1. Looking at region 22-33 only, could you name the residues that are at negative phi and within 15 Å of the chain's Cα centre (by Cα)?
2. Under 6 Å by Cβ, and 6 or more places apart or on different chains, what pairs join a residue from region 49-61 that is more than 15 Å from V100 (Cα to Cα) with one that is β-branched (V, I, T)?
3. Scanning for something surrounded by 14 or more Cβ atoms within 10 Å (Cβ to Cβ), acidic (D, E), assigned by TED's automatic domain parsing to the domain that holds L39 and in contact with a strand residue (DSSP E or B) (Cβ under 8 Å, 6 or more places away or on another chain), does region 69-78 turn up at least one residue?
4. How many residues are more than 26 Å from C206 (Cβ to Cβ), part of a loop (DSSP other than H, G, I, E, B) and either of a type in the set (K, R) or over 21 Å from the mean Cα position of the chain (by Cα) (or both) if we restrict to region 98-155?
5. In region 38-78, which residues are part of a helix (DSSP H, G or I) and either in contact with a His (Cβ under 8 Å, 6 or more places away or on another chain) or modelled with pLDDT under 95 (or both)?
6. Looking at region 210-225, is at least one residue in contact (Cβ under 8 Å) with a residue 24 or more places away in the chain, within 21 Å of T61 (Cβ to Cβ) and not in a helix (DSSP H, G or I)?
7. Could you please find all residues in region 92-108 being more than 15 Å from D15 (Cα to Cα) and either touching a Ser or Thr at 6+ places or on another chain (Cβ under 9 Å) or buried (at least 20 other Cβ atoms within 10 Å of the Cβ) (or both)?
8. When you check K182 against the structure, is it surrounded by 15 or more Cβ atoms within 10 Å (Cβ to Cβ), touching an Asp or Glu at 6+ places or on another chain (Cβ under 6 Å), in the same structural domain as V238 (by TED's automatic domain parsing) and not small (G, A, S), yes or no?
Amino acid sequence: MSDEVEPGFVRVRLDLSYDGAEFSGWAKQRTRRTVQGDLEAALQTVMRLREPVSLTVAGRTDAGVHARGQVAHLDLAEDVWAEHGEKLLRRLAGKLPQDVRVWRVAVAPRAFNARFSAVWRRYAYRVGDQQAGVDPLLRGHVLWHDRPLDVDLMNEAAGKLLGEHDFAAYCKKREGATTIRKLLDLHWERTPEGIAVATVRADAFCHNMVRALVGSMLLVGDGHRPAEFPGEVLAGGVRNSAVNVVRPHGLTLEEVGYPADDQLAARNLLARNLRTLPGCL
């Protein structure tokens, strides 16, 4: 797959955030409101383009999932960028609905690809376990769990999941797609307000992976399962009926990491390879 920027065009990076509550996910759909649909329509309008624009995104978030550090790119003709580039941020602020904001627009290296250049994505999942429930002002971003959670036990369970594995037991399988991922960080901590926050960072994620991982660790935290349970599910290689995929509103894409500019092209090629685990054909 070629990803070269055509002569006479520039690659433009957008850094954005959104509240996912009213969106049917990132990816454009005919009959439902999506982040991609709103953003592409706004870009076309404010730059007065005849043809639709096409965005490539770092992480295709599901319906109801939020983003604080989402990244996307598009290619624009040099004359279009020269005319609209400096005014684009302000014009988008006036055109976009208030639940999606673009915070930065800039020319990127020609080898930059929002999706394939990424070396990691970092998500946070927020859970409130106070007996009275979640603060009404936070309810759209925090899951309420009706039993007390032991964060230390959940961190013990999390440690058994780190590294490169086949996460088929925690993913919704997609035809022709690998479920091998490298989990770089997974830990829980309490905020001063008592919210339990999971930080989950990996080179990539498969569908439902974070929400299923959180679901398995909540079973440990509230005493329904031992700390070994999430690792045993992983080793089993198939979905476990005891593990719930928790609701999407507690999940936020916080940040996307990229390599140095001179490593972008190599990363693009590597990210497109179908991965296997050592010893597997």
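1. F23, S24, W26, A27
2. If the second residue must be β-branched (V, I, T), the pairs left are A58/V71; A58/V256.
3. Yes - at least one qualifying residue is present in region 69-78.
4. Residues meeting the conditions: 16.
5. V46
6. no
7. Listed by number, the list holds a single entry, K95.
8. The answer is yes for K182.
The values are calculated or read from the model by the stated rules, or taken from the named source; none is laboratory data. Bear in mind the structure is a predicted one, so any value in this text is a computation, not a measurement. Glycine gets a Cβ as well: all are built from the backbone with ideal geometry, and neighbour counts include every protein chain shown.
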